[in-house]
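The next block holds one structure in the form of C-alpha cells; read it before the comments.
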Amino acid sequence: MMKKIIVLLLLGCGTVATMAQELPATSTIMRKLRSANDYFMHKWPDPVKTIITNKERPANIWTRGVYYEGLMAFYKIDKQKRYYDYAVEWGEKHHWKPVRGEVYTRHADNQNCGMTYIDLYRIDPKPERLAAIKANIDSVMNSGRYDDWTWIDAIQMAMPIFVKLGVTLNDTTYFDYMYKMYSHIKYKEGGAGLFNAADSLWWRDKDFVPPYAEPNGEDCYWARGNGWVLAALALVLQELPKTDIHYAEYLDDFQKLAKALIPLQRKDGFWNVSLHDPNHFGGQETSGTALFVYGMTWGINNGHLSKKDFLPAVKKGWNAISEKSLQPNGFLGYMQSTGKEPKDGQPVTVDKVPDFEDYGLGCFLLAGSEVYKLAEK
C-alpha cells in the first residue's frame, strides 16, 4: 500500500514538474537574449553609423527604432548600463529628432524613433529628449488630418508614441487623436478599412483588399504586418488608462487578432509569411513569429489572454525562434527582409542575412523579454 502511495505521489510530482517546464528556465532565456543582442552590438559598436544597403540611410530609421524598442524592453529585465548608454548615445547624436531631423514629418516610419526617446526621457527627464517628438506629434494633431496611417505597419511605428506622450504629459488629447487615426485605418482606409472583421485579420494596405487574392484564392494577410498590429495594441494597452472610452475596443481587437492566429501556427512553431496561403512562399519566418509571441505572451502576463489557450502557442513559437532561428554566434536566421507581402525578401533561409538585421532583433527582444517574465512566474 505504501509503495502504491509513493508511486502516486511521484506521478503527481511528475505532473507538477512537467507544468513547471512548460517554458525554458529564465537563465536559458536570458542567455539567448544576450547572445542575440551582443551579436548586434558587436557588429554595430557605433550606434549612429549610417546604414548602407541599396543606399545610405541614417541610423534612426524605423528598422533601428524597432531594435531600440526591443532593447528598452530587454533593459527592464537585464539592467546593464551599456544598453542604456548605447541607447542614449543613439538619441543624443541624432539630436533626439525624427529621421533626418525632420521635426514636422508626418510619416510614421520616421517618427518611430520617438518611442525610445520618450522611454529615455522617463528615465532621465531632460527636456531635449522629449521636445522634438512632442513638437512632431503636436503638429500632426494641429493639422486636423487623420489619414496618415495608410498601411498597417504604421500602427506600430507611431501609435504607441501617442499613448506614451499622453501618459507622460498627463494629456488625454493624445489618446483622442490617436483613436481618430486608428479609426481611419481600421474603418475607412482603402474604402472600408484594412481590418477584416470576418477573419479578425488585417490587410497590409489598400493594394491587398479584395478582389486581390493569394494563389489559393484566399485573402492576403501578411504575417509581419499583422504582427505589427498585435504588438502595437499590446504597447498601447499596457499604458492607456482603462477609463479611456476606446480601451475596450483596442482590447477586443487585440484578443480577436490573437485568437485568429492560433489555428494558423505551423507545427514547428513558426507562422508562414502568408497567413491564409501556406504554400505561397511558405516556410519558417522569424519576425512575424516573434511579434506574435510577444503579443500573446504580454496578453497572458497581463490577464488579457487565457494561459490555457495561448501558452502552447507561445511555447512552440518561442522554442522555434530561440532554438531554430538563433544561431550559436547570435545571428538570427529565417528573417524576411523588408517589404510588404509574402514574395518580398525571398528566399527566407537560416543563413541568409536580411537587408536589415535590426528590426528582427527588436522583435526577438520584445518577445523574449515577455517570455522571461512569464517564466519567472
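The values are calculated or read from the model by the stated rules, or taken from the named source; none is laboratory data. None of the values given here were measured: they were computed from a predicted structure. Virtual Cβ from ideal backbone geometry, glycine too; neighbours counted across all protein chains shown. All accessible areas refer to the heavy atoms of the entire protein, side chains included, with ligands and DNA or RNA removed. Shrake-Rupley method; radii C 1.70, N 1.55, O 1.52, S 1.80 Å.
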Tally Lys/Arg at +1 and Asp/Glu at -1 over every other residue whose Cβ is under 13 Å from the Cβ of residue 339; what's the total?
-3
So who's got an amide H within less than 5 Å of the one on residue 57, skipping anything under 5 residues away but keeping other chains? H placed 1.01 Å off N, in plane.
51, 52
When only DSSP loop residues count, what GluC sites (Glu not before Pro) in the range 62-103 have their Cβ near at most 12 other Cβ atoms within 10 Å?
none
Connecting C-alpha atoms closer than 10 Å in a GNM of the chain, tell me which of 286, 63, 243 has the biggest fluctuation.
243
Can you give the FRET efficiency for residue 350 and residue 206, using 1/(1 + (r/R0)^6), R0 = 35 Å, r = Cβ-Cβ distance, to the nearest 0.05?
0.55
Separation in nanometres of the label points that stand 7 Å from Cα toward Cβ, at residue 180 and residue 34:
4.8 nm
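Taking the solvent-accessible surface of protein heavy atoms with a 1.4 Å probe, what is the per residue accessible area of the chain in Å²?
41 Å²
Using a 1.4 Å probe on the protein chains only, how many percent of the accessible area of the chain belongs to carbon and sulfur?
Details: 8520 of 15600 Å².
Answer for the chain is 55 percent, counting heavy atoms of protein chains only.
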Measure off 7 Å from each Cα along the Cα-to-Cβ vector at residue 81 and residue 106, then give the distance between these two points in nanometres to one decimal.
4.5 nm
Using DSSP to call loops (not H, G, I, E or B), can you name the trypsin sites (Lys or Arg not before Pro) in the range 309-355 whose Cβ has at most 13 other Cβ atoms within 10 angstrom?
343
Förster-model FRET efficiency, 25 Å R0, residue 49 and residue 26, C-beta, rounded to 0.05
0.15
With n ≥ 4 as the cut-off for DSSP H runs, can you work out [θ] at 222 nm for the chain, using -39500 (n - 2.57) per run divided by the number of residues, rounded to the nearest 500?
-18000 deg cm²/dmol
What nm distance separates the two modelled labels at residue 218 and residue 147, each placed 7 Å from Cα along Cα→Cβ?
3.2 nm
